[in-house]
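The values are calculated or read from the model by the stated rules, or taken from the named source; none is laboratory data. From a predicted model like this one, the values you see are computed outputs, not experimental measurements. Methodologically, a virtual Cβ is constructed for each residue, glycine included, from the backbone with ideal geometry; neighbour enumeration extends over all protein chains shown. With ligands, DNA and RNA removed, areas are computed over all heavy atoms of the protein, side chains included. Shrake-Rupley method; radii C 1.70, N 1.55, O 1.52, S 1.80 Å.
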Amino acid sequence: MKISKIGQVTFALGLAVIALFAIKLFVIPNAKTQMPTISNPSQFRKIDLGEMPEFAKIEDIATKKQTFFDYLRPVVEAQNKIIIHERQFILAVIGKIDNGLAVNGSDNDKLESIVERYQYKVKAFTHKTLTPLVKRIDIIPVDMVLVQAAIESGWGSSRFAVDGFNFFGQWCFTQGCGLVPSARDDGKHHEVEVFDSPKDSIIAYMTNLNTNSAYRLFRSLRADLRAQKINLTAEKLVFGLINYSERKDEYIDELLDMLKHNKSFLQGNKTNA
């Protein structure tokens, strides 16, 4: 069938409209879903947990568990939002570089701050040098952080949690930097670090997982899941903590057991992180 010139134009316009609609429907929403925008991350740095509850005095086990998770959760969620913002920024800079645009002064200053915080040494900011950094800058499942805090701190009742706000058994190696473990082996010099607040302990722990060479497996597992567009869940990522404890596989089994048996408490007052 022969189509007139007007018909051809109308047909072409119709195809263009359909194409634009398809882009709007599929491409644009997907970009937003993969990397949501956070306009003001500074608000999340201001999270204040307030006075720490006396967990040891809470006799009802269910109440203690829910109180513990609800108390720590806001900082974990806030820190993940900050991490997402930093990840977005690095990806945006890589995009600029790929498009032949120069990294300006403010971007350069922010990059310097991020690479220092993530203990990532780089001589120049290029696509090649920044891409591996993306592997370090990613979220840590909230439930994984919470159950590990429960195990390491005895539900907030351990000496290190009460006297040093240390919920994850993190060590330091300068004399006087923390609390000396009563069961420390002869010849060992580590101490259990003292923090100014539970918030500082959580941030240090999350930074540790994202920087320490002992947790490369954790970061590799996370990157693989991310590449496959699989949700970053605690159940999938706890296997990357094999080096967190000398108990190795037994420790992983305990984490998985904690996740399974505390699911209702972990879902308690969850917000959209």
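Straight-line cross-link partners of LYS64 among the aspartates and glutamates, defined as a Cα under 17 Å from its Cα and at least 8 positions apart when in the same chain: GLU51, GLU54, ASP143, GLU152.
Give me the log10 of I(q) over I(0) for region 109-204 at q = 0.19 Å⁻¹, as the Debye formula computes it from C-alpha points; what are the numbers? For region 109-204, the Cα-only Debye profile gives -0.94. The Rg/Rh ratio for region 141-263 is 0.98, where Rg is the radius of gyration of the alpha carbons and Rh is the Kirkwood radius.
Listed here are the pairs LYS199/LYS263; LYS81/LYS128; LYS65/LYS260; LYS65/LYS199; LYS199/LYS260; which of them are more than 20 Å apart at the Cα? Among LYS199/LYS263; LYS81/LYS128; LYS65/LYS260; LYS65/LYS199; LYS199/LYS260, the Cα-Cα distance tops 20 Å for LYS199/LYS263; LYS81/LYS128; LYS199/LYS260.
What whole-number value in Å² describes the accessible area per residue of region 111-270 for a 1.4 Å probe?
On the way: 8410 Å² over 160 residues.
I get 53 Å² per residue for this part.
How high is the FRET efficiency between TRP171 and ASN99 when r is their beta carbon distance and R₀ equals 35 Å, given to the nearest 0.05? Working shown, then result.
On the way: r = 44 Å, r/R0 = 1.26.
For R0 = 35 Å, the calculated efficiency reads 0.20.
Both the radius of gyration and Dmax for region 52-138 are 19.3, 62 Å, in that order, over alpha-carbon atoms. Rolling a 1.4 angstrom probe over region 187-273 with all protein chains present gives an accessible area of which 47% lies on carbon and sulfur atoms.
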